[in-house]
Amino acid sequence: MKHRMLGALNVSAIGLGCMGMSQSYGPHDDAESMATIRRALDLGVTLLDTSDMYGYGNGHNEELIGRAIAGRRDDAVIATKFGIKGWTGDGSFVLDSSPEYARKACEASLRRIGVDVIDLYFLHRRDRSIPIEEIVGGMAVLVAEGKVRHIGLSEVSEETLRRAHATHPIAALESEYSLFERYVEGGVLPACRELGIGLMAFSPLGRGVLTGTVRDLNSLSEDDYRHSDPRYRGENLLHNLGLVDRIQLIAAKLGMTPAQVALAWVLAQDEHIVPIPGTKRIKYLEENAAAAEVELTPEQIRLLETAIPPNAVSGERYPEGIMRTVDA
Ligand SMILES: NC(=O)c1ccc[n+]([C@@H]2O[C@H](COP(=O)([O-])OP(=O)(O)OC[C@H]3O[C@@H](n4cnc5c(N)ncnc54)[C@H](OP(=O)(O)O)[C@@H]3O)[C@@H](O)[C@H]2O)c1
C-alpha cells in the first residue's frame, strides 16, 4: 500500500470510512465489519475514520473499532471526531465546539476505542458561536496533554481553515470530494495546498451512487440515509444515474470498476489527498484498496472530467437541515 502525508501524519493512500458499519447505509453486522477492519490492516490500509456520533450518538462505531484493532494498535491510524451532540427537531445537528466539551468528548472517545492517544482528532462541525481560535486552542491543549497527536477540521470554510492553522498546525481537512462533488476546488483545496494541510476526501463514491450499484431507492432499506439525500431523489437521481452510466463505460474500457476509477480520479488531484471510501464489506474494501495502485493518465482524467463536469450533478449534497451546519 502506498502512503501519503496529511500534514505531518503518514497514512495509507486510501483510508477506510467506518460510518456505514453503524448507521446511514442499511443493515450492518458487527462480525462482518470487524473482519473488514482487520482485512484493511492486513492490506496496509492504516487510516480508519470514525466519529463519536457514528451509531446515531451511541458510541457504537468507536467501540467497534476498538474491538477490531485490539492487539494491533500500531497498525492503525485512528481518526475520530467530536462536536455533534445530537439532532434538533428540524433535521439539523446540535453542535458544541467548546474546549470544555472537547475535553469531555475526547476522554470518552479514548475510553470507547480503548487507546491512550487519538492519532487525528477532528472537529466534526464548527459551532459558529465560538471563535475558531478558541476552539482550536482547546484542541491544542489536548495535544499538549498527549491525548491527541494531530488536529483536523471537517467541513470548514477557507477563512476558518486559515485562522485555525494560524492558531495551531492543522494536519487535515475532512470534506466531501469526488467526481460528484467538487466545491472544495473553489477555495479550501488551494488553501490546503498553500498551508501544507492534507485533505481527507469523504464520500469519494458519492455515497455509493458512483459505483453504479445503487440505481433504485426501493432497493435500499427504509432507514437508509439516502432516502433523504437530495441527489437520490426523483428527477435528480435519474439525471445523476445518466452521469454514472458514462463513468461505467469508461471504467469498462479501462478494465476497472467504476469505484476504482472514481477513487483513482480523487487520488490524481493532489498527492496530499487521501480518499476514505466507506464500506462494511471485505469485497468492496479489497476493490477500493486496489485503486491506490492506479495512476490515471492526463487523457484518462480529461475523459472522466468531460463525462462529469463540475456542477453537472443535480441536487444539493445534504438535506437542508444538515446543509445549515456547513461552515461557509
Ligand atoms: N466528516 C463528515 O462530515 C463526514 C460525512 C460523511 C462521511 N464521512 C466519512 O467518510 C466515509 C466515506 O463516506 P460515505 O461512506 O458517506 O460515502 P462513500 O464512501 O462515497 O460511499 C459509501 C457507500 O458506497 C458503497 N461502496 C463502497 N465501496 C463500494 C464498491 N467498491 N462497490 C460498490 N459499492 C461500494 C458502500 O456500501 P456498503 O455500505 O454496502 O459497504 C456504501 O453504501 C464515511 O464512512 C465516514 O467515515 C465523514
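Coordinate-derived values only; no laboratory data. Since the structure is predicted, the reported quantities are computational estimates derived from the model, not experimental observations. Cβ: placed from backbone, ideal geometry, glycine included. Neighbour counts: every protein chain shown.
The table below gives the values:
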item	result
Of all DSSP beta bridges in the range 1-158, antiparallel share, percent nearest 5	35 percent
Under-5 Å amide H pairs with Leu199, H placed in peptide plane, nonlocal only	Leu173, Ile273, Val274
Potential lengthening between Arg215 and Asp30 on full extension [0.36 nm per residue; Cα-Cα distance subtracted]	64.0 nm
Protection proxy ranking of 107-116, 32-41 - average other beta-carbon atoms within 10 Å, highest first	32-41, 107-116
CD proxy at 222 nm, helix term only [per DSSP H run n ≥ 4: -39500 (n - 2.57); per residue of the chain; nearest 500]	-11500 deg cm²/dmol
Residues Val77, Val45 arranged by fewest to most Cβ contacts within 10 Å	Val77, Val45
Average projection area in nm² (convex hull over Cα atoms of the range 260-328, one quarter of hull surface)	6.5 nm²
Compactness of the chain as Cα Rg over 2.2 N^0.38 Å, two decimals	0.93
Ranked Cys106, Cys192, criterion: other C-beta atoms within 10 Å, fewest first	Cys106, Cys192
Over the range 1-150 - Rg/Rh using Cα atoms and the Kirkwood inverse-distance radius	0.96
Spin-label zone in the range 303-320 - amide nitrogen under 11 Å from a point set 7 Å from the Cα of His239 along the C-beta vector	311-316
Pairwise label distance in nanometres, Lys253 with Glu145, each label 7 Å out on the Cα-Cβ vector	5.6 nm
Residues with amide H under 5 Å from that of Glu176, placed H, sequence gap 5 or more	Phe202
Scattering curve values for the range 1-71, log₁₀ I(q)/I(0), Debye with Cα scatterers, q = 0.16, 0.17, 0.20, 0.21 Å⁻¹	-0.56, -0.62, -0.83, -0.89
Rounded to whole Hz, the Karplus (6.51, -1.76, 1.60) HN-Hα couplings of the range 312-320, x for glycine and proline	6, 6, 9, x, 5, 7, 9, x, 3
0 to 90° range, to nearest 10: angle between helix 158-167 axis and the chain longest Cα axis	30 degrees
Gap separating the Cα centres of the range 89-105 and the range 38-85, nearest whole Å	20 Å
Convex hull per residue volume in Å³, alpha carbons only, for the range 200-328	126 Å³
Between the range 10-36 and the range 199-262, the Cα center-to-center distance that results, in Å	18 Å
Helix axis angle, 298-307 relative to the chain longest principal axis, alpha carbon, degrees	80 degrees
For the range 41-55, Karplus couplings with θ = phi - 60° (6.51, -1.76, 1.60), whole Hz, Gly/Pro x	5, 4, 7, x, 7, 8, 7, 10, 9, 9, 7, 5, 9, 6, x
Descending semi-axes in whole angstrom, ellipsoid equivalent of the range 69-220, from the Cα gyration tensor	26, 20, 17
Angle in degrees between helix 234-254 and the longest Cα principal axis of the chain, rounded to the nearest 10	80 degrees
Per-selection Kirkwood Rh - the range 138-267 (Cα, Å, 1 d.p.)	16.7 Å
Spatially near lysine pairs across the chain, Cα under 24 Å, sequence gap of 8 or more or different chains	9
Simple label model, 7 Å out from Cα along Cβ direction - Asp223 to Asp116, nm	3.7 nm
Sequence of His28, His3 once ranked by neighbouring C-beta atoms within 10 Å, starting from the fewest	His3, His28
